[in-house]
Amino acid sequence: MTKRIGILTSGGDCAGLNATIRAVALRAHHGHGWTTIGLRYGTLGLLERPVEAVTLDPDRLSAALARQGGTFLGSTNRGDPFAFPMPDGSRKDRSGEMVEGLKQLGLDGLIGVGGDGSLAILRKLLGPSGIPFVGIPKTIDNDVGCTERAIGYSTAVAIATEALDRLQPTGTSHERTMVLEVMGRDAGHIAIAAAIAGGADVVLIPEVRWRLENVVRHIAGLRAVGRTSALVVVAEAAGQSDEAVDPATDAPDHGVGDWLAKRLAKATGAEARATVLGHVQRGAMPTAEDRLLASALGVRAIDLLAEGKGDHMVAWWNRQVIDVPLSQVVGRSRTVDADGTLIRTARALGICLGDAV
C-alpha cells in the first residue's frame, strides 16, 4: 500500500501552489496516515545527492501557507531530463539519475503539479520507474487539456483586470490608447477573460486572426462618438497582424504590446502607451477561487493514489473534481474556443477582436 508520497512543483510558478502542497500533505496525513515528501526545485532536486527533499510536517502547514503566492518548494522551467543542458553546451539524458533519486527517497507514489509540458515530461520520466504518478494542472495560461480551470488562472485574470481598472482613468485623463499585454504563451484565455471583466474596447488573441486596420477602424469609431481613450488587451502570443512590418521602423523592441502601441499611435495620430504585466501575473496572493481549486484537486490527487489510479490527472469539470487518464491530456493543449461563450460575449458587448466580424 502507498505510504510515502512525493510532491513537486514544476514549470513556471503561479498563485495557489502552496495551497496545493498543503492540501496534499494534510489529506495524506489525516486521511490515510501517510508521509508526504516535498521535492525541492522540481526535477532539478532529484539530481542532487542526497536528493533535495523535505518531509512535510502537517502541524507546520497552517492556513497562512495557502495565502502565499509562489511555491515554497521551488520550481524549474528548464532542464529537460531527457536532453539536459550541460556546462559545455551539450545535451545529456539524465532521466536515469532522476529516477534513481526518486527511488532513493523510497517513494510509493508521486504527485506532480505542472502545466501541459511539465506533465508530459513527468509522465515520461515516471513511466518505466514503477512509481505511480498523478498530475495536478497548474498554469496561468489555463491551456491544460481536459480541465475547465488550472491553478493560477483565476489570480492571473484578477491581476489583469485590476490593471485595466487602473489604466482606464489615466488613459481618459490624457486621451490615450492604453495597450495591456498579458501572458498567454499559446492561448488567449487570460486576455479574453480580463477584457470582458475589465471593460476593454479591443482584445487580440492568437485564436482569432486579426488585422491592424480593423483595430484602427474600431478606435476611430469610438472617437467619432466622443470617446477620447481606448483600452486594448493583447495576449503575448497574438503576434503581429497580417500587415507587412518594416524592420527598420516597426520591429517590436520587446513584444507585441510595444509594437501595437507604436503602430496605433502612428495610424490614429493619438498617443498610445503599452504596459506589459509579465511576471506580475504570477506572483500574488491567490484568489479564493484558486485556493478552493488547489485544495480540491490536492485532496483528490491523494485519493487517486489510494485507489491505485496512477497515470491520471485530477481536473475541474462541470463544477466538480474528476480524473482523466494522462494519455488524454499530454500534447493536447486547450485554446480559446473561437465560437465559444467568451468570444460570443465579447462580441455582444461590442469588444473588437480585430477580425472582420
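A few comments on the model shown:
- The angle separating the long axis of helix 17-32 from the principal Cα axis of greatest extent in the chain is about 30 degrees.
- 3J(HN,Hα) couplings calculated from phi for segment 82-98 with the Karplus curve 6.51 cos²θ - 1.76 cosθ + 1.60 (θ = phi - 60°) are, in sequence order, 8, 8, 6, x, 9, x, 8, x, 7, 10, 9, 7, 10, 4, x, 5, 5 Hz; Gly and Pro show x.
- Once you divide the Cα radius of gyration of the chain by 2.2 N^0.38 Å, the number left is 1.09.
- Probe 1.4 Å, accessible area per residue of segment 1-130, Å²: 44 Å²
- Label zone at Ala296 (point 7 Å along Cα-to-Cβ), backbone N below 19 Å, segment 128-165: 135-158
- Mean projected area in nm² (Cα convex hull; one quarter of hull surface) for segment 28-81: 4.8 nm²
- GNM on the chain, alpha-carbon springs under 10 angstrom: the most fluctuating residue among Ser90, Ser229, Ser327 is Ser90.
- Cα-based helix-to-principal-axis angle, 116-126 vs the chain, degrees rounded to 10: 20 degrees
- Annotation for segment 287-357: trypsin sites (Lys or Arg not before Pro) lying in DSSP loop with at most 16 further Cβ atoms inside 10 Å of their Cβ are Lys309, Arg319, Arg332.
- Relative to its residue count, segment 202-354 spans a Cα convex hull of 165 Å³ per residue.
- Whole-percent carbon and sulfur share, accessible surface of segment 52-130, 1.4 Å: 46 percent
- Karplus-derived HN-Hα couplings along segment 277-292 (A = 6.51, B = -1.76, C = 1.60, θ = phi - 60°), whole Hz, x at Gly and Pro: 5, x, 6, 4, 6, 8, x, 8, 5, x, 5, 4, 4, 5, 5, 5
- Accessible heavy-atom area order of Glu48, Glu148, highest first, probe of 1.4 Å: Glu48, Glu148
- DSSP beta bridge pairing in the chain, given as percent antiparallel to the nearest 5: 25 percent
- FRET efficiency estimate (nearest 0.05) - Cβ-Cβ, Arg185 to Trp317, R0 25 angstrom: 0.60
- Heavy-atom accessible area per residue - segment 148-234, 1.4 Å, Å²: 36 Å²
- Backbone amide hydrogens, once placed in the peptide plane, bring Gly6 within less than 5 Å of Ile37, Asp108, Gly109, Leu110, Ile111, excluding anything fewer than 5 places away on its chain.
- On Cα atoms only, tilt of 153-174 relative to the major axis of the chain in degrees: 20 degrees
- Separation of alpha-carbon centers, segment 34-77 and segment 267-324, rounded to whole Å: 18 Å
- Arg185 contributes an accessible area of around 140 Å² to the protein surface, as traced by a 1.4 Å probe with all chains present.
- Entry note, the chain: relative contact order of 23 percent, from Cα contacts under 8 Å with a spacing of 6+ residues.
- With R₀ set to 35 Å, the beta-carbon distance separating Val225 from Asn77 gives a calculated FRET efficiency near 0.15.
- Selection among Thr170, Ala156, Gly135 by position relative to the dipole of segment 129-187 gives Gly135 as farthest towards the positive end (Cβ unit charges, Cα centre).
- Sequence-distant residues sharing a close amide H with Met313 (under 5 Å, placed H): Gly135, Val324, Leu326
- Ratio of Rg to Rh over segment 165-226 (Cα coordinates, Kirkwood Rh, two decimals): 0.97
- Between segment 153-210 and segment 98-144, the alpha-carbon centres lie 33 Å apart.
- Förster radius 35 Å - calculated FRET efficiency between Met86 and Lys266, Cβ distance, rounded to 0.05: 0.15
- Computed over segment 123-192, Kirkwood Rh from alpha-carbon pairs, angstrom: 14.7 Å
- Charge dipole magnitude, Cβ of K and R +1, D and E -1 - the chain, Cα centre, debye nearest 20: 560 debye
- Heavy atoms of Trp317: accessible area, 1.4 Å probe, square angstrom to 10: 110 Å²
- Interchain or long-range residues, amide H under 5 Å from Ala53's placed H: Arg40
- Isotropically averaged projected area of segment 111-240, using the convex hull of Cα atoms (one quarter of hull area), nm²: 8.9 nm²
- Flagged links, alpha-carbon separation over 22 Å, of Lys103/Lys124; Lys92/Lys124; Lys92/Lys309: Lys92/Lys309
- Neighbours of Gly12, meaning other residues whose beta-carbon lies under 14 angstrom from its beta-carbon, give a summed charge of -2 when Lys and Arg score +1 and Asp and Glu score -1.
The values are calculated or read from the model by the stated rules, or taken from the named source; none is laboratory data. Predicted, not measured: the structure shown is a model, and the values here were computed from it. So basically every Cβ, Gly included, is an ideal-geometry build from the backbone, and we count neighbours across all protein chains shown. Ligands, DNA and RNA are stripped out before the accessible areas are found, and what is left, the full protein with its side chains, is counted by its heavy atoms. Shrake-Rupley method; radii C 1.70, N 1.55, O 1.52, S 1.80 Å.
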